[in-house]
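Following: one structure in structure tokens, then a few remarks.
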Amino acid sequence: MSAITPRQTTAARFRFNLSPQDALDLLTAAYQYEVQRRQRQFVLDVNTESNLISLARYLTQPVPKFGVMCCGTCGNGKTTLLYAFQRVVNYLQDRSHFSFLDTENRQFKASLEIFRAKEIAQISRDRAQFRVLVQRPLLAIDDMGTEAAEVYDYNNINTPVADVIDYRYNHQLFTFITTNLVAKQKDDRDVTIRMKYGDRIADRFNEMLHVIVFKDISYRK
């Protein structure tokens, strides 16, 4: 066994080297900032608090999954939570408070870059730029599902978002996703992840992502 396999057998997993409460405090402060930055009143209601707690607990697990997905209807705070998370990552990156965990517990400094799903579809036309995007240690896909599932490029049919997810699944790279797609169809208007991307991607999500389901309310009203 040792002759045919590398010594390292566990892939790196991103996590916060903080207590759940410290992670929650930072995420809450960042979320409040993002809300107030848009000239809105911040209210820590039950739904928002539940979402923040879920993310904080996930990020501080000993060996978490290698991604998170926020799903639900429009205007319920998914993207706000994503930007709050990005702000916390940027705050911590020079303070050694997060790491990629592997067998040697190496410290890894990185930054989170956010791409809208439609942007990824456009970037996919440039192979070199697309390769850099898919290989980023930390990546966020905002509004997954709003892009065309297939992109035509010189008579070639590409599936850029599905390709990004497939690559990051195989390499266990941390991916943060927000989407209006649902896991299960409640009525004929709902579009599920499985309907949009097929069984293969939907099945990978089960292993890859910690899912936070947002309540069907809108804070934009």
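Computed from the coordinates by the stated procedures, all read-outs in this text should not be read as laboratory data. Note that this is a predicted model, so its numbers are computed, not measured.
A few comments on the model shown:
- Cα-Cα over 21 Å, subset of 65/196; 65/186; 184/215; 186/215: 65/196; 65/186
- Computed extension gain for residue 217 through residue 199, at 0.36 nm per residue and net of the alpha carbon distance, reaches 3.6 nm.
- Taking 0.36 nm per residue of sequence separation and removing the Cα-Cα distance, the residue 63/residue 125 pair yields an extension gain of 18.8 nm.
- The percentage of C-alpha pairs in region 13-213 whose separation is greater than 21 Å is 53%.
- Linear extension gain, residue 190 paired with residue 29, 0.36 nm per residue minus alpha-carbon span: 54.6 nm
- For region 13-213, the antiparallel share of DSSP beta bridges with both residues in that region comes to about 25%.
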